[in-house]
Amino acid sequence: MKVLRVRRGDTTFYGQLLFEERAVRCLDPTLGLPETTPLSEVSVLPPVAPSKVVCAQGNFRGRLRELGRGDGDAPMLFLKPPSAIIGSGEAIRLPRAVNRVEAWGGLALVLGRACRDIAPEAVPRCLFGFSCANDVTAGDLLTDGPVGRAKGYDTFAPIGPWIETSVADPTGLRLRTSINDAVVQDATTADMVLSPFALVSFVSTIMTLLPGDVILTGSPAGGGVLAPGDEVRVEIDDVGVLINAARGEAETGPLQ
């Protein structure tokens, strides 16, 4: 099932995407909305509104080899602010103060219920679904040490195009990232040091995960540099295709 987060009037809700009907089916009957609503009558929002976005750095073996590091170094964790999130079709804003903005595709896990210190085999009961993500990074700021500034700019966490709830096994999904049709990353989630479920378990030993929270599971080797006008696509088999254009800060103006 493909789930969108949408707004109709003053009401925001999650709805199942009905492709053929070009409509969404409201998943919360308590809202008193029609069972189905045409897409033309709703605004499609970023599919997640989490309390936190927890990201794994160096969780792909190919990426670790690229950095000259071993499996024992993984994973490092960092946080992206919720204000960095945008949906598919929205523009990645390239800050004027940054010289090198990079795109790094990855798999996003969306929590469906609160969990703390859970075993990997219990993780599927806590997940709502999966999405595509782009760990946009100010590459020239990584010399800071802590990565918060390089990873935390507004628009630096594209996630979408929806939440896919029907992925049975996330351990062998093919992931491709392309910029203007040139493939810059091509790997599978089997290359992860910590599998998606093991990663959620690991994070849950550190912090309580709340419904709607997002975990980015890391990015493969490769990556690419963005320039104004570029289109970046993150495609994950059985999940979806996330598409965002890059725009200079002056082109996009202030965020509303």
Before anything else, pin down the relative contact order of the chain: Cα pairs under 8 Å, at least 6 apart, normalised by residue count, whole percent. 26
So the carbon and sulfur contribution to the accessible area of the chain, 1.4 Å probe, in percent, is 49
Note to self: with every protein chain in place and a 1.4 Å probe, the range 1-83 gives an accessible area per residue in Å² of 54
Within the range 138-207: Cβ-based charge dipole about Cα centre, in debye rounded to nearest 20 (Lys, Arg +1; Asp, Glu -1): 120
Given 148, 40, 224, which one lies farthest toward the positive end of the charge dipole of the chain, if we put +1 on the Cβ of every Lys and Arg and -1 on the Cβ of every Asp and Glu? 148
Applying a 10 Å radius around every beta-carbon, put 34-45, 194-205 in order of their mean neighbour count, most first. 194-205, 34-45
Once amide H atoms are placed 1.01 Å from N in the peptide plane, what residues at a sequence separation of 5 or more from residue 219, or on another chain, have their amide H within under 5 Å of its amide H? 58, 59, 60
Could you please report the charge total around residue 16, scoring K, R as +1 and D, E as -1 over all other residues with beta-carbon less than 14 angstrom from its beta-carbon? -1
Among residues other than residue 181 whose Cβ falls under 10 Å from its Cβ, what is the net charge (Lys/Arg +1, Asp/Glu -1)? 0
Specify the inter-centroid distance of the range 186-256 and the range 87-137, based on alpha-carbon positions, in whole Å. 5
Where 186, 238 fall by accessible area, highest first, once all protein chains stay in place (1.4 Å): 238, 186
Karplus (6.51, -1.76, 1.60) ³J(HN,Hα), θ = phi - 60°, over the range 5-18, in Hz, Gly and Pro reported as x: 9, 9, 10, 10, x, 9, 10, 9, 8, 9, x, 6, 6, 10
Sequence-distant residues sharing a close amide H with residue 162 (under 5 Å, placed H): 132
Length-normalised contact order for the range 2-119 - Cα pairs under 8 Å, 6+ apart - percent: 17
Where nothing but the Cβ of Lys and Arg (+1) and of Asp and Glu (-1) is charged, how large is the charge dipole of the chain around its Cα centre, in debye to the nearest 20? 440
Would you mind getting the accessible area per residue of the range 99-253, heavy atoms of the protein chains only, 1.4 Å probe, in Å²? 37
Once Lys and Arg get +1 and Asp and Glu get -1 on their Cβ, which of 27, 200, 163 lies farthest toward the positive end of the dipole of the chain? 200
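The values are calculated or read from the model by the stated rules, or taken from the named source; none is laboratory data. Bear in mind that the values here come from a model prediction, so they are computed numbers and not experimental data. In this analysis, Cβ positions are derived from the backbone assuming ideal geometry, glycine residues included, and neighbour counts consider all displayed protein chains. All accessible areas refer to the heavy atoms of the entire protein, side chains included, with ligands and DNA or RNA removed. Shrake-Rupley method; radii C 1.70, N 1.55, O 1.52, S 1.80 Å.
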